[in-house]
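Structure first, then comments.
Just so it is clear, none of the values below were taken in a lab; they were calculated from the coordinates. Worth saying up front: this structure is predicted, and the values here are computed from it rather than measured. Because the Cβ atoms are built from the backbone with ideal geometry, glycine has one as well, and the counts that use them run over all protein chains shown.
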Amino acid sequence: DTVVHTPAAEHVEIPAKEGYIPFFDSDTEESTLSIIVIGASGDLARKKIFPALFALFYEDRLPENFTIIGYARTIMTSEELRNIISTTLTCRIDKRENCDEKMDQFLKRCFYHSGQYSSEEHFFELDRKLKEKEAGRQSNRLFYLAIPPNMFVDVVRCARRRASSEDGWTRVIVEKPFGRDLESSRELTRELRQYLSEDQIFRIDHHLGEELVENLLVLRFSNLVFGPLWSRNYIRNVQFIFSEDSGTEGRGRYFDNYGIIRDIMQNHLLQILALFAMETPVSLDAEDIRNEKVKVLRSMKPVKLEDVVVGQYKGCCEGDTSYPGYTDDPSVSDDSLTPTFTAATLFVNNARWDGVPFLMIAGKALQSKRAEIRVQFKHVPGNLYNKKFGTDLGQATNELVIRVQPDEAIYLKINNKVPGLGMRLDRSDLNLLFKARYPRESPDAYERLVLDAIEGERRSFIRSDELDAAWEIFTPLLKEMEKKKIAPELYTYGSSGPVGVHYLAAKHNVRYE
Ligand code: NDP
């Protein structure tokens, strides 16, 4: 058995930079890049992957010699694929004159190959087609698995045996979900590792490609002011909030099998928590950052049921503004206990964070769509303004908010004197609103991450030991909830979620708005 799971062993096995070929090295006249989108007929490919590839082309970030091949079972021609994807391509960055021309050039580099996901013969045909396009140059191949997870291993087996590069690198981007629990995730990793080394696997979590998530490390490690405050000495609690204002519309079948904890918390929010809480890495190299993240995850105890509130949305309102409840979805059973909302308190048991509650909140069909980190600081000891005026002037604590969406921003809530005679304090913001400061639109997370995979930059992809540690935190809770058949608290579509979250927040002295 060649598969090793222990994080320590994986480090020995895979040197930090193995397989890393920087963009400028691989972009030579003698080399080619082939991007093979597996599941090209699907939703993700159409809405995110092809537009991201076009944006990279538009920005001249793809090498001179590149080819894109869509692969799926659906029978269609390359021209039909081009017609489908052309409807979702946009010249997003700025409206340049040559947009249509660029689109034509891009579409001419896109081809389609129909085949089964488990047929080595079909992948052999794909290989032949790729070789034709590569025309004898050194080939680098990137496979993007945009298919249901039960097909991952078949595709990787066929690609490895029949269509991997013979003289360059072969990398595979794998979309979530990476298993349903610790065991199934380990099984998936074990199976993938029969055909790929860890450094060929790029587990994508697109939220890690978002501008503000990338910026978290810059904020923390290149500004003197935050470092000293970043611990239990000054921080009272931290909230990670991910709320959506829509329900599962159309994705009920997928969602019912996973629920919000697996869909959002165990991956996105936990990854962001790890970036937030980690120690300073030795360098910005992917392995140094991922080493620090995994230490945070391994310092966390499994989440306890008593530290969790689960909810499920119910339909609301009559007439024109009626919204369906979760179980109104025909693909969801009427007695489904799947949570569409969860709030959970987690702790990082190390010297920096001992006793600080990290409150994660994720939910669907809530009143607003937002993703943010809120850092609540402690009270000012011996606050002069409270003493002098005997009121709660100046009582409000500082809060740092990193808002990923909507309207990316970083703001710090401070106490400030209201101008004028006398002394009145006001709670105000030091506000960095991105669209005001940086009018140019940020690239989509997929653009950044696909480019990273092309360049061999692994920093924003999840390593198998991180994944393992993340599942260890949530798997006992998921199993206990399933065993005890925990019924979610119902909340109304468009509301602020179950009432229970306020009690949970209060229990840990968190101000939750
Ligand atoms: P789709 O359901 O659209 O599936 C993609 C393609 O896979 C389909 O066009 C179909 O192609 C093939 N396929 C679908 N079902 C099966 C099946 N049962 N057996 C074999 N092949 C099948 O998925 P998405 O495009 O929405 O997502 C792809 C992957 O990305 C999934 O793993 C999903 O969890 C993940 N993901 C999706 C996101 C999204 O926004 N859509 C966001 C994050 C992750 P054909 O029949 O032509 O072979």
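In whole percent, what relative contact order does region 279-346 give with Cα contacts below 8 Å and a gap of six or more residues?
On the way: 65 pairs, mean separation 20.8, N = 68.
Answer for region 279-346 is 31 percent.
Determine the relative contact order of region 275-393: mean sequence separation of Cα pairs under 8 Å and six or more apart, normalised by residue count, in whole percent. Computed over region 275-393, the figure is 18 percent.
Provide, in order from the shortest bin, the percent of all Cα-Cα pairs of region 248-346 in each 10 Å bin, continuing until the bin that contains the maximum pair distance. The percentages, shortest bin first, are 14, 34, 25, 18, 8, 2.
Would you kindly calculate the mean projected area, averaged across all directions, of the convex hull enclosing the Cα atoms of region 223-271, in square nanometres? Intermediate results must be reported in sequence, preceding the final value.
Details: hull surface 20.9 nm².
Mean projected area of the Cα convex hull: 5.2 nm².
Give the Kirkwood hydrodynamic radius (Å, one decimal) of region 104-162, defined as one over the mean of 1/r across all pairs of different Cα atoms.
On the way: mean 1/r = 0.0792 Å⁻¹.
Computed over Cα pairs of region 104-162, the Kirkwood hydrodynamic radius comes out at 12.6 Å.
Convex hull volume per residue, computed on the Cα atoms of the chain, equals 185 Å³. Remark: region 65-201 carries a charge dipole of roughly 120 debye about the Cα centre, counting +1 on each Lys and Arg Cβ and -1 on each Asp and Glu Cβ. Sorted ascending by nearby beta carbons within 10 Å, beginning with the fewest, TYR234, TYR112 become TYR234, TYR112.
Judged by the mean number of other Cβ atoms found within 10 Å, the most tightly packed of the peptides 454-466, 147-159, 298-310 leads the ranking 454-466, 147-159, 298-310.
Based only on other Cβ atoms within 10 Å, what is the fewest-to-most ordering of TRP353, TRP471? Intermediate results must be reported in sequence, preceding the final value.
Working: TRP353 21, TRP471 25.
Taking fewest neighbouring Cβ atoms as first place, the list is TRP353, TRP471.
Applying 0.36 nm per residue to the separation of TYR411 and ARG220 and subtracting their alpha-carbon distance, the gain on full extension is 67.4 nm. Rounded to the nearest whole angstrom, the semi-axes of the ellipsoid equivalent to region 188-306, taken from the Cα gyration tensor as √(5λ), stand at 27, 22, 15, largest first. Relative to the longest principal Cα axis of the chain, at what angle does helix 286-298 sit, 0 to 90 degrees, rounded to 10? With rounding to tens, the tilt is 50 degrees. For the chain, the longest principal axis of the alpha carbon atoms and the long axis of helix 120-134 meet at an angle near 80°. Placing +1 on the Cβ of every Lys and Arg and -1 on the Cβ of every Asp and Glu, with no other charges, gives region 247-342 a dipole of roughly 460 debye about its Cα centre.
Computed from the Cβ-Cβ distance with R0 of 22 Å, the FRET efficiency linking ASP60 to ASP100 stands at 0.80. Per-peptide packing, taken as the mean over residues of other Cβ atoms within 10 Å, places 425-437, 363-375 in the sequence 363-375, 425-437 from highest down. Taking the radius of gyration and the Kirkwood hydrodynamic radius from Cα positions alone, what is the Rg/Rh ratio for region 404-467, to two decimal places? Expressed as Rg/Rh, it is 1.26. For the chain, the longest principal axis of the alpha carbon atoms and the long axis of helix 445-455 meet at an angle near 50°.
Beyond a 20 Å Cα-Cα separation, which of these cross-linked pairs lie in this structure: LYS176/LYS485; LYS364/LYS484; LYS108/LYS133? Can you show the working numbers first?
Numbers: LYS176/LYS485 25 Å; LYS364/LYS484 23 Å; LYS108/LYS133 12 Å.
In this structure, LYS176/LYS485; LYS364/LYS484 lie more than 20 Å apart at Cα.
For a 4.7 Å threshold on C-beta separation, the list of partnerless cysteines in the chain reads CYS110, CYS158.
Assigning unit charges at the beta carbon (Lys, Arg +1; Asp, Glu -1) and nothing else, what dipole magnitude in debye, to the nearest 20, does region 95-141 show about its Cα centre?
Dipole size: approximately 240 debye.
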